[in-house]
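S.K.: Got a structure for you, questions after.
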Amino acid sequence: MQERLQKIISAHGVASRRAAEKLILEGKVRVNGSVAKLGDRADPLRDKIEVEGVMLTAPAQRVYIMLHKPRGYVTTMNDELGRKTVADLVRDCPQRVYPVGRLDYNSEGLLIMTNDGDVANSLMHPSFEVPKTYLVKVRGRDIDASVAALGEEMTIDGYSVKAASVRIEEVEGGRASIYITIREGRNRQVRKMCEKVGLEVRRLIRISVGNLILGELKYGKWRYLTDEEIKYLRSV
C-alpha cells in the first residue's frame, strides 16, 4: 500500500515526519533510484527507498529514552559545523534514536529521543499542546512586573504566543529562579518571551514534558523510559 514518504521514513525510525520532509526537500531521499519530491508516495514493501544513501530496512524495535542534555550540544544527529551533538551522548544506545523537538545549544534538561515516528509527531505537533516546564534563572530590574507580563499573551516574531504559567521560586536582588510552563514550543520561545519582558536568561533547564519528569537523571546521561512513561507517551 502506498503512503507518503515522510510517514514511511518516520515509521522506520529514521527521523520524525518533520525532519523527513526536510530530508526530502534537500534531495537526500531516493525511491527506486530517483530523487524524491515532497508529496511523493511509495509502497515500503515494493519500492526501494534510500535515505542519505542508506536503504530502509524493516522498522526497528520501538525505543524510548530520556536524555539530560547539557549545554554546548546541538539537538541534531549530525552537525555541518562539527559541533557536539546529542547523538554523541547516546552512542551506547543499541538502537538508532532521534530527538523529539529541540533544546537550543545553550539550553539543557529533558530531551526525549525515540525511533517511534507517531509518538514524536504527537509530542511536537502544536495542536496537542503538551505542557513543557522550564526552570529559568534570570536577571532583571523589576522581577515581579516581568513575571506578571510573562503570564499574559504576547507577540513574538510576528506570531501570537499564549500566556505562560509562571511561578517564582526564588528572588535575590535583581536575580530570580522562576518556573515557566508553555504549551506551544516554538523556536527559542522561552528565551524570546523573557527578553520581551526585560529578563536576561542566565540558565534554562527543561525539567518536564507532560507527565515525564527529569528528576535525578545525571547531567549528560540517558535512561530508558518506564512502561508507565511509554504508556503516557502513546496516549498523548
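S.K.: Give SER208, SER177, SER122 a once-over and let me know the one that is among the small types (Gly, Ala, Ser) and over 26 Å from PRO70 (Cβ atoms).
M.R.: Of the residues listed, the single one that is among the small types (Gly, Ala, Ser) and over 26 Å from PRO70 (Cβ atoms) is SER122.
S.K.: Show me the helices (runs of 4 or more DSSP H) entirely contained within region 119-236 in which 1 or more residues are at pLDDT below 90 and surrounded by fewer than 19 Cβ atoms within 10 Å (Cβ to Cβ).
M.R.: Passing ranges, in order: 227-235.
S.K.: I would also like to ask the following. Hey, ILE9 hits all of (1) touching a helix residue (DSSP H, G or I) at 6+ places or on another chain (Cβ under 8 Å); (2) within 16 Å of ASN78 (Cα to Cα); (3) not small (Gly, Ala, Ser) but one; which does it fall short on?
M.R.: (2)
S.K.: I need the full set of residues from region 16-34 which are loosely packed, with under 14 Cβ neighbours inside 10 Å, touching a residue at least 12 places away in the same chain (Cβ under 8 Å) and not small (Gly, Ala, Ser), in order please.
M.R.: Across region 16-34, the qualifying residues are LEU25, ASN32.
S.K.: Of all the residues that make up region 12-41, how many are farther than 23 Å from ASN78 by Cβ and touching a Leu at 6+ places or on another chain (Cβ under 6 Å)?
M.R.: Selection size over region 12-41: 1.
S.K.: Then there's this: Within region 35-52, take every residue that is in a loop (DSSP other than H, G, I, E, B), surrounded by fewer than 17 Cβ atoms within 10 Å (Cβ to Cβ) and among the aliphatic types (A, V, I, L, M) and give me the one that is modelled with the highest pLDDT.
M.R.: Only one residue tops the list, namely LEU38.
S.K.: Another question, then. Take the residues in region 67-116 that are β-branched (Val, Ile, Thr), touching a residue at least 40 places away in the same chain (Cβ under 8 Å) and in a strand (DSSP E or B); name whichever of them is surrounded by the most Cβ atoms within 10 Å (Cβ to Cβ).
M.R.: Here the answer is THR114.
S.K.: Moving on to the next point. For region 204-228, enumerate the residues that are touching a residue at least 40 places away in the same chain (Cβ under 8 Å) and farther than 21 Å from LEU89 by Cα.
M.R.: Answer for region 204-228, where residues must be touching a residue at least 40 places away in the same chain (Cβ under 8 Å) and farther than 21 Å from LEU89 by Cα: just GLY210.
The values are calculated or read from the model by the stated rules, or taken from the named source; none is laboratory data. Just so it is clear, the structure is predicted and the values come from calculations on it, not from any experiment. Positions of Cβ are generated from backbone atoms using ideal geometry, with glycine treated the same way; all protein chains shown enter the neighbour counts.
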